[in-house]
Ligand SMILES: C[S@@+](CC[C@H](N)C(=O)[O-])C[C@H]1O[C@@H](n2cnc3c(N)ncnc32)[C@H](O)[C@@H]1O
């Protein structure tokens, strides 16, 4: 992948565009090539139903991402992410979202009181 990125000037954007083109949805999406926290500023509060966060997985980044997007999602909407088995993802999420609002579907972790059973 590193070699491919170098051939595209170090950017993953051309790969993303190609994947969206292949999937037939490139003309239906708007790409915002900005850091996630910056991109969040262009969305009105409670204006989106769903956001998938899959950026940096360290604690501080996850916390900042969730803080930036949580107010943008309508009540009843969804903030999704992956890699909940990463400590930074888990702690950053639980620190910014009330525990009762977090649902872990499959982290690969067994957490007492969270996904045991
Ligand atoms: C875990 S990877 C996910 C990649 C992507 N979801 C995919 O499937 O190809 C994280 C990606 O987010 C980017 N990233 C990290 N921090 C970011 C931020 N604050 N804003 C936007 N993108 C970020 C990284 O450069 C990397 O490409």
Count of the stretch 64-78 residues which are surrounded by 18 or more Cβ atoms within 10 Å (Cβ to Cβ) and either within 15 Å of the ligand (Cβ to nearest atom) or part of a loop (DSSP other than H, G, I, E, B) (or both): 6
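Matching residues to (1) assigned to a loop (DSSP other than H, G, I, E, B); (2) modelled with pLDDT under 85; (3) at negative phi:
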position	(1), (2), (3)
84	yes, no, yes
94	no, no, yes
111	yes, yes, yes
116	yes, yes, yes
The stretch 35-56 residues that are in contact (Cβ under 8 Å) with a residue 12 or more places away in the chain and over 15 Å from residue 89 (Cβ atoms), paired with ones that are near the ligand (Cβ under 8 Å from one of its atoms) and outside any strand (DSSP E or B) (beta carbon under 6 Å, 6 or more apart): 37/64
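For every residue, the table says whether it meets (1) within 14 Å of the ligand (Cβ to nearest atom); (2) in contact with a strand residue (DSSP E or B) (Cβ under 7 Å, 6 or more places away or on another chain); (3) not assigned by TED's automatic domain parsing to the domain that holds residue 96.
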{"site": "12", "(1), (2), (3)": "yes, no, yes"}
{"site": "27", "(1), (2), (3)": "no, no, yes"}
{"site": "38", "(1), (2), (3)": "yes, no, no"}
{"site": "41", "(1), (2), (3)": "yes, no, no"}
{"site": "60", "(1), (2), (3)": "yes, no, no"}
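The values are calculated or read from the model by the stated rules, or taken from the named source; none is laboratory data. Small disclaimer: the values here were computed from a predicted structure and weren't measured. Using ideal geometry, Cβ is built from the backbone for each residue, glycine included, and neighbour counts are taken over all protein chains shown.
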